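> Questions regarding the structure given below will be posed in turn.
We did not get these values from a lab; they are worked out from the coordinates using the rules stated. Remember, predicted model here, so these are calculated numbers, not experimental data. Cβ sites come from the backbone with ideal geometry, for glycine too, and all protein chains shown count toward neighbours.
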4 protein chains.
Amino acid sequence: MLDDMTTATPRGYTATKDQLQSRLKRIEGQVRGVEKMVEEDRYCIDVLTQISAIQAALDKVALGLLDDHARHCMRHGAEEGKADEMTGEMMAAVGRLLRRG
Amino acid sequence: MLDDMTTATPRGYTATKDQLQSRLKRIEGQVRGVEKMVEEDRYCIDVLTQISAIQAALDKVALGLLDDHARHCMRHGAEEGKADEMTGEMMAAVGRLLRRG
Amino acid sequence: MLDDMTTATPRGYTATKDQLQSRLKRIEGQVRGVEKMVEEDRYCIDVLTQISAIQAALDKVALGLLDDHARHCMRHGAEEGKADEMTGEMMAAVGRLLRRG
Amino acid sequence: MLDDMTTATPRGYTATKDQLQSRLKRIEGQVRGVEKMVEEDRYCIDVLTQISAIQAALDKVALGLLDDHARHCMRHGAEEGKADEMTGEMMAAVGRLLRRG
């Protein structure tokens, strides 16, 4: 019951697999759009604006994945005795996102 | 026993309160250093390098706090019935760090 | 002569149109790779690592475009009387990259 | 005359030395505030929000310095025959800001 509600009303960065996939499809299209802009020698500042939009969209996908991972850790990490390992991995992933690679 | 070992050998971004405080003291000193550089009209690129170093140090403090929060959530979030709320808060905090404010 | 040398030995973030295009093609492939990973329910942390790699690659493209813009501004901005406008645009673009969108 | 106008109507990220200094003073105070929050064991998420605010403020200082550098380069870089060197330095600085150190 509670799970159904959670699924029905995702809050914050929570994303379903379908949502992640359609966001990634859109990002793929945005990258192709940037390729075309470079091909056509479009004004550099406009291309940069598009790249920033892709970065923001990728951040949103990353936060969706991270949210899912954190919720899974909460529910099962402790009982599986892997809480520390999973937290460590998660922090390393956040660190890489902050440093951008 | 296991907890003792974990405490004794913090891995990754785990930081004690003492470590966080001494890192923040150092960051405060770095900010004062940048003030002095601007005061003395030092070469802009050198000032920017110092600012990047402060940002990296702040990221490390943020990751230390986040790591502590995540570990606490893992241990107590589920039993307190606040796992979802805590994860949501954590993701919002990561989102703000990525967008830098 | 000088131009030839510049083209022959690009330093730092300088990138030719060809280089930008092949980098973007590679990024497009990386995004498709992430789509496949999500499709196959691959381990979240591995997907996040890939996303960070894409972000880093996009940053490199952005810096290449910015570098080109800055060099153009230097050479022609002043004489065109658009130095201030172009610098303002460039800073706004850097601001968006820092805030990621 | 032109300089006066520029000083009188700063646009975008342009900042005077006074503005940079007062911003840095404020940032120093914010860092001390975070030290106090950690000392008092304040809620981790609130501390992270403060850290994000400091990072945003530092980005603003960095963009102000970069803007000043870029305008200087525009005006004098070409005539000094250092346009390429200065652009390279500037891009490296932006790269470090994006990677946060």
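> Pick out, in residue order, every one of the GluC sites (Glu not before Pro) in the stretch B:14-101 that is DSSP loop and has at most 10 other C-beta atoms within 10 Å; say none if there are none.
Loop-located and lightly packed - B:E40, B:E79.
> Points 7 angstrom from Cα along the Cβ direction at A:Q50 and B:E85: gap in nanometres?
4.5
> Using helices alone, what [θ] at 222 nm do you get for the protein assembly as shown, with -39,500 (n - 2.57) per DSSP H run of 4 or more residues, divided over all residues and rounded to the nearest 500?
Result for the protein assembly as shown: -25500 deg cm²/dmol, rounded to the nearest 500.
> Residues in the stretch C:39-73 near a label at D:H72, defined as backbone nitrogen under 19 Å from the 7 Å Cα→Cβ point?
C:70-71, C:73
> In addition: List the trypsin sites (Lys or Arg not before Pro) in the stretch A:13-101 that DSSP assigns to loop (not H, G, I, E or B) and whose Cβ has at most 15 other Cβ atoms within 10 Å. Which are they?
Those satisfying the criteria are A:R42, A:K82.
> For the protein assembly as shown, compute the orientation-averaged projected area of the C-alpha convex hull (one quarter of its surface), in nm².
Its average projected convex-hull area is 22.0 nm².
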